[in-house]
Amino acid sequence: MYAFTLERPASVADAARLAGAGGKPLAGGQTLLASMKLRLSAPDQLVDLSGVPELSGIQKDAGAITIGAMSRHLEVANSADVKAAYPALADLASRIGDRQVRAMGTLGGSVANNDPAACYPSAVLGSGATVITNKREIAADDFFQGLFTTALEDGELITAIRFPIPQRAVYEKLRQKASHFPLVGVFVAQYDSGVRVAITGAGNGVFRHKGLEEALTKSFTPESAAAVKIESGDLNGDLHASAAYRANLISVLTQRAVKQMLG
């Protein structure tokens, strides 16, 4: 690594002030520290958020689960409130990366980084969640803006994410065995207003699939999902899978999710 200084603020206000002055927020460090070791990233100052108590905690309210940005994946996976109210979210958290990643990685760090193959953004977008920052509240549909890009401004920090609790939901993914990132992950959530389908790992960022949403809102069956043509033109192709393969995975994983939700 290159030389850097480390700050450990004790409040959101102090953390935001340091970040606004050019400090790089450090949450779980699962991406940032690895990129620094490879000298792909060279921040002069890190702002360690682990000492800010306002950023932790999980709270269940009427119709929603609010999770602090510094909540570790393991905490979400093991939370009794999340397991009872939103089991799909607990299941997703329990299958992120490996044990070490789950012990260190955070919800806020994953969402702020917006890796195109990360699991959490699909839950945020698939739930129609609200990203709460030190400045405002941002709807999930407005938050994710492309490859490693979000609506966050300089000095703006995620403090929590509020997930509306669905009637039922499931996350299905096919894991790339070396990295444990999903080749494709599909989050399906059913609400009174309709079905939301968010896809990760297949494109240049998480996205909703309107065709699948419309078909499943009209008729919530695996056959409805299977009848939707998944175009591969905008999907990723790499050494792990072609765009056509990922398109097929979107269909197959959505059908599996629906079957599981139907019991």
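The values are calculated or read from the model by the stated rules, or taken from the named source; none is laboratory data. Remember, it's a predicted structure, so these values are computed and weren't measured experimentally. Heads up, the Cβs are rebuilt from the backbone with ideal geometry, glycines too, and the neighbour counts pull from every protein chain shown. Protein only, heavy atoms only, side chains kept; ligands, DNA and RNA dropped before computing areas. Shrake-Rupley method; radii C 1.70, N 1.55, O 1.52, S 1.80 Å.
Looking at the range 215-244, which of the residues that are touching a residue at least 40 places away in the same chain (Cβ under 8 Å) and open to solvent by 30 Å² or more (accessible area, probe 1.4 Å) is farthest from Pro116 (Cα to Cα)? Applying the filter and picking the extreme gives Thr221. Restricting the first member to the range 178-193 and to residues that are in contact (Cβ under 8 Å) with a residue 40 or more places away in the chain, and the second to residues that are basic (Lys, Arg) and in a strand (DSSP E or B), the beta-carbon pairs closer than 6 Å and six or more apart or on different chains are Pro182/Lys173; Pro182/Arg175; Gly185/Lys173; Ala189/Arg196; Gln190/Arg168.
Scan the range 141-188 for residues that are of a type in the set (D, E, K, R) and touching a Ser or Thr at 6+ places or on another chain (Cβ under 6 Å) and jot them down. Glu156, Arg162 - these are the residues of the range 141-188 that are of a type in the set (D, E, K, R) and touching a Ser or Thr at 6+ places or on another chain (Cβ under 6 Å). The single condition among (1) surrounded by fewer than 20 Cβ atoms within 10 Å (Cβ to Cβ); (2) farther than 22 Å from Arg8 by Cβ; (3) at pLDDT 95 or above that Asp48 does not satisfy is (2). Condition check for Leu174 on (1) open to solvent by 10 Å² or more (accessible area, probe 1.4 Å); (2) at pLDDT 95 or above; (3) of a type outside the set (S, T, N, Q); (4) under 27 Å from Pro53 (Cα atoms): one failure, at (4). All of (1) farther than 28 Å from Gly20 by Cα; (2) under 14 Å from the mean Cα position of the chain (by Cα); (3) crowded, with 20+ Cβ neighbours inside 10 Å hold for Val82 with one exception: (2).
All told, Phe163 falls short of being of a type in the set (Phe, Trp, Tyr) and either more than 28 Å from Asp61 (Cβ to Cβ) or at pLDDT below 95 (or both). Using the structure shown, decide if Gln167 is within 30 Å of Arg136 (Cα to Cα) and in contact with a Pro (Cβ under 7 Å, 6 or more places away or on another chain). Considered against the rule, which asks whether it is within 30 Å of Arg136 (Cα to Cα) and in contact with a Pro (Cβ under 7 Å, 6 or more places away or on another chain), Gln167 comes out as no. Within the range 144-168, the set of residues being aliphatic (A, V, I, L, M) and either open to solvent by less than 20 Å² (accessible area, probe 1.4 Å) or over 25 Å from Leu216 (Cα atoms) (or both) comprises Leu147, Ala151, Leu152, Leu157, Ile158, Ala160, Ile161.
Quick check on the range 57-77. Is at least one of its residues of a type in the set (Lys, Arg), surrounded by fewer than 19 Cβ atoms within 10 Å (Cβ to Cβ) and at pLDDT 95 or above?
Yes, the range 57-77 contains a residue that is of a type in the set (Lys, Arg), surrounded by fewer than 19 Cβ atoms within 10 Å (Cβ to Cβ) and at pLDDT 95 or above.
Which one is nearest to the chain's Cα centre (by Cα) among residues in the range 177-208 that are open to solvent by 20 Å² or more (accessible area, probe 1.4 Å) and among the small types (Gly, Ala, Ser)? For the range 177-208, the residue satisfying everything is Ser179.
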